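Participant: Take a look at the following structure, please.
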Ligand SMILES: Cc1cc2nc3c(=O)[nH]c(=O)nc-3n(C[C@H](O)[C@H](O)[C@H](O)COP(=O)(O)O)c2cc1C
């Protein structure tokens, strides 16, 4: 039985939701999966796991500083296990932006992160204007206006392909069972 660790940074809760869905899929197949918010600073017994995935949402073209701090502090542990990074953003509502080479946020992570993940995944996130602070809602609506996205201030749109999230979870389990680490 594989034991997988899913770590995440989430500001509004959607990346947390995706992380839990990954865990549920892994557990539904008879394996184990723990989910941890990196901001909780829960001590991690890395020796328990056969694979690790770290997810983070994109905020204003980058990532919260705690994501980079976490990977800097845990670079060695992350690299010693089969590992994957998943990036959540709404530009990825466009299918071509789910291709790693075409997604500037993923490329930015790969450039700035001390940890170079062996595997990457881009997941379309959620627009939730009513629950975002007015300033954030306004800024994102302006960006959306320029990129032909939704601008209605009442819009709540979940762009996540949940079947693809399940397929990604299966892929992580496969990484765990292969045991292959590409440094
Ligand atoms: C303040 C803020 C800034 C964002 N900036 C971007 C961005 O630059 N590019 C993008 O594609 N998505 C952007 N998004 C969309 C988020 O990545 C998306 O809503 C994601 O699902 C949020 O995940 P969370 O609920 O885990 O925080 C932004 C969202 C917010 C609230």
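The values are calculated or read from the model by the stated rules, or taken from the named source; none is laboratory data. Only a predicted model underlies this, so the values are computations on that prediction, with no experimental measurement involved. Cβ placement follows ideal geometry from the backbone for every residue including glycine, while neighbour counts extend to all protein chains displayed.
Participant: Would you be able to tell me the number of residues in segment 1-26 that are away from the ligand (no atom under 12 Å from the Cβ) and out of contact with any strand residue (DSSP E or B) (no Cβ under 6 Å at 6 or more places or on another chain)? First the steps, then the outcome.
Facilitator: Initial filter on segment 1-26 (away from the ligand (no atom under 12 Å from the Cβ)): 1-7, 21-26.
Among the residues that remain, those that are also out of contact with any strand residue (DSSP E or B) (no Cβ under 6 Å at 6 or more places or on another chain) are: 1-2, 21, 24-25.
The qualifying residues number 5.
Participant: Looking at this structure, is residue 134 loosely packed, with under 15 Cβ neighbours inside 10 Å and either more than 30 Å from residue 81 (Cα to Cα) or touching a helix residue (DSSP H, G or I) at 6+ places or on another chain (Cβ under 6 Å) (or both)?
Facilitator: Values: loosely packed, with under 15 Cβ neighbours inside 10 Å: yes; either more than 30 Å from residue 81 (Cα to Cα) or touching a helix residue (DSSP H, G or I) at 6+ places or on another chain (Cβ under 6 Å) (or both): yes.
Answer is yes for this residue.
Participant: While we're here: In segment 36-46, is there at least one residue being modelled with pLDDT under 95 and in contact with a strand residue (DSSP E or B) (Cβ under 9 Å, 6 or more places away or on another chain)?
Facilitator: yes
Participant: Any residue that is within 11 Å of the ligand (Cβ to nearest atom) and either under 18 Å from residue 12 (Cα atoms) or exposed (fewer than 14 other Cβ atoms within 10 Å of the Cβ) (or both) - is there at least one of those in segment 166-180?
Facilitator: Filtering segment 166-180 down to residues within 11 Å of the ligand (Cβ to nearest atom) leaves none.
No: zero hits.
Participant: Looking at 119, 148, which is the one that is more than 10 Å from the ligand (Cβ to nearest atom) and in the same structural domain as residue 17 (by TED's automatic domain parsing)? Spell out the reasoning first.
Facilitator: Working: 148 fails: in the same structural domain as residue 17 (by TED's automatic domain parsing).
So the residue among 119, 148 that is more than 10 Å from the ligand (Cβ to nearest atom) and in the same structural domain as residue 17 (by TED's automatic domain parsing) is 119.
Participant: Cβ contacts < 7 Å: first residue within 12 Å of residue 160 (Cβ to Cβ) and free of Cβ contacts under 8 Å to residues at least 60 places away in the same chain, restricted to segment 2-23; second residue within 8 Å of the ligand (Cβ to nearest atom) and in a helix (DSSP H, G or I), any location; separation 6+ or different chain. Result?
Facilitator: Once the first residue is within 12 Å of residue 160 (Cβ to Cβ) and free of Cβ contacts under 8 Å to residues at least 60 places away in the same chain and sits in segment 2-23, no partner that is within 8 Å of the ligand (Cβ to nearest atom) and in a helix (DSSP H, G or I) comes close enough.
Participant: Continuing with this model, one more query. Considering only segment 154-168, state which residues are farther than 20 Å from residue 116 by Cα and within 16 Å of the chain's Cα centre (by Cα).
Facilitator: Our first condition is that a residue be farther than 20 Å from residue 116 by Cα; within segment 154-168, this holds for 154-167.
The answer is 158, 159, 160, 161, 162, 163, 164, 165, 166, 167.
Participant: Please go through segment 115-140 and pick out each residue that is in a helix (DSSP H, G or I) and closer than 25 Å to residue 6 by Cβ. Give the derivation first.
Facilitator: Filtering segment 115-140 down to residues in a helix (DSSP H, G or I) leaves 129-131, 134-140.
131 - this is the single residue of segment 115-140 that is in a helix (DSSP H, G or I) and closer than 25 Å to residue 6 by Cβ.
Participant: Let me ask something else about it. Could you check segment 141-175 and list, in sequence order, the residues that are in contact with a strand residue (DSSP E or B) (Cβ under 7 Å, 6 or more places away or on another chain) and either more than 15 Å from residue 86 (Cβ to Cβ) or in a strand (DSSP E or B) (or both)? Let's see the steps before the verdict.
Facilitator: Our first condition is that a residue be in contact with a strand residue (DSSP E or B) (Cβ under 7 Å, 6 or more places away or on another chain); within segment 141-175, this holds for 150, 155-161, 165, 168, 172-173, 175.
Matches in segment 141-175: 150, 155, 156, 157, 158.
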